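The values are calculated or read from the model by the stated rules, or taken from the named source; none is laboratory data. Since the structure is predicted, the reported quantities are computational estimates derived from the model, not experimental observations. FYI the Cβ positions are ideal-geometry reconstructions off the backbone, even for glycines, and counts take in every protein chain you see.
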Amino acid sequence: MNISWLIEGKNCVMSKASALVWRPLTHHIHGEAHKYVTELKVRIGRRKTDNSIDTLRSRAAHSVLDSWSSTFQDPTYRGSEFLEQWPDGRLLQPSYLNGGPWLSTFGHSITEFARVCQCITGHAPIGAYYRRFKINEPHGCTCGAALQSRQHVLFRCRNRYSVHYPRFLGDIASFMKYNPTVFGFNQDPSGVG
């Protein structure tokens, strides 16, 4: 098996995926764009490296995050059912690095993350959700409470294991591990869905 194209490493880019054509980065549009940006005479920052693609990408990401954070302060954007999260005494901020604080907290498990999202956004399959959307399912909790709400499940339900009240994202992650079926849809016995 010929893998000589791997030897060229990070300085090459696939320019035609269907034919597996590798070309040096300097002879490709990405290389040309990188060269153009790094050789700009008008600097964006104080140093020449401030024009690098990584720096520009980071600045764009921070700009988007700042915009999202300010927009998210508006309750009409955020929604009325969003569960506030405070890690280490601060509002949880979104991040694009390493899956961000949300996904990385759950070990990149899509299943756990989906359950957490359903909990945080108020779209978990529990009594309060069924009542709100007029779904013909029981509204009460298995412990006997009249309404199975998110607050009831997290803070009051005696059928759930919790060492303490989950206040931070990590606490909710632990709560989900000890309660693997909470805030998740029941799996169809036929294996569909």
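Summary table
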read-out	value
Those residues of region 126-161 which are within 20 Å of Thr111 (Cβ to Cβ) and either modelled with pLDDT of 95 or more or surrounded by 16 or more Cβ atoms within 10 Å (Cβ to Cβ) (or both), in sequence order	Ile126, Tyr129, Arg150, Val153, Leu154, Arg160
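Okay, residues lined up against (1) at pLDDT below 75; (2) among the basic types (Lys, Arg):
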residue: Arg57; (1), (2): no, yes
residue: His62; (1), (2): no, no
residue: Gly79; (1), (2): no, no
residue: Glu84; (1), (2): yes, no
residue: Thr111; (1), (2): no, no
